[in-house]
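A.B. asks: The following block contains the structure, expressed as structure tokens.
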Amino acid sequence: MKTKQGKLFVISGPSGVGKTTICKELCASFSNLKWSVSCTTRQKRNQEVEGQDYYFLSKEKFLERIQQDGFIEYALVHGNYYGTPKKEIEESLQKGNNCLLEIDVQGGRKVKSDSAYTSVLIFIAPPAMNTLLERLHGRHSDTEETIQKRIQNAQKEMKDADFYDYIVVNENLQECIEKVKKIVSDQMM
């Protein structure tokens, strides 16, 4: 009997909206949901772990992988490259696992347009831009210049959210997590 191929669950939204926390909760709740570790050229933050949070690559290595068709999707975001490794995802899907991708809207658009994958796209939106600004300042991990760039990008991302299957506003983190868990649960059936 052939194993049922898994689905891609895409979580996108502006920086600081709670995507990582939501993804951690999803993986803790669903044993057959595997979180894809993305590759990036950005600098590693103090608390991040190589191979767990991201695979940190040089720009040269990242561009080499692009040439080798090594990504399902990739994009240049905030001046750094981010990409989803193709081989690991395809192997996991073929085993019947569902995969969770925390990616930007450019990547979400690419995944949705690629008919090789069954995907469910969920956009996490902030209740208001000033709330997002407070959250970004509260992380204490970015310069003011970077925060302003992230806010500008957030405004663009909000305009592109319409092509997502679901938009969930994160006004209350626990309520948002429960809504996203319900979507994932319903779509796994």
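A.B. asks: Got a number for residues in the stretch 103-132 being under 28 Å from N172 (Cβ atoms), in contact (Cβ under 8 Å) with a residue 40 or more places away in the chain and part of a loop (DSSP other than H, G, I, E, B)?
C.D. replies: Going through the stretch 103-132 one residue at a time, the tally reaches 4.
A.B. asks: Out of the residues in the stretch 51-68 that are of a type in the set (D, E, K, R) and at pLDDT 95 or above, which is nearest to S36 (Cα to Cα)?
C.D. replies: Among them, the one singled out is R65.
A.B. asks: Sticking with this structure for a sec: Consider the stretch 162-189. How many of its residues are of a type outside the set (K, R), assigned to a helix (DSSP H, G or I), touching a residue at least 60 places away in the same chain (Cβ under 8 Å) and closer than 22 Å to N98 by Cβ?
C.D. replies: The qualifying residues number 8.
A.B. asks: Give the stretch 38-64 a look and list any residue that's in contact with a helix residue (DSSP H, G or I) (Cβ under 9 Å, 6 or more places away or on another chain), more than 20 Å from V105 (Cβ to Cβ) and surrounded by 16 or more Cβ atoms within 10 Å (Cβ to Cβ), or say none.
C.D. replies: L57
A.B. asks: Could you list, in sequence order, all residues of the stretch 156-189 that are within 16 Å of the chain's Cα centre (by Cα) and either modelled with pLDDT under 80 or of a type in the set (F, W, Y) (or both)?
C.D. replies: F163, Y164, Y166 - these are the residues of the stretch 156-189 that are within 16 Å of the chain's Cα centre (by Cα) and either modelled with pLDDT under 80 or of a type in the set (F, W, Y) (or both).
A.B. asks: Among the residues of the stretch 63-84, which ones are in a loop (DSSP other than H, G, I, E, B) and under 16 Å from E157 (Cα atoms)?
C.D. replies: H78, G79
A.B. asks: Suppose we keep only residues that are within 30 Å of D69 (Cβ to Cβ) and small (G, A, S) within the stretch 110-155. Which one would you say is modelled with the lowest pLDDT?
C.D. replies: So the residue we want is S115.
The values are calculated or read from the model by the stated rules, or taken from the named source; none is laboratory data. For clarity, every value in this text was computed on a predicted model and none was experimentally measured. Don't worry about glycine lacking a Cβ; one is built from the backbone with ideal geometry, like all the others, and counts go over all protein chains shown.
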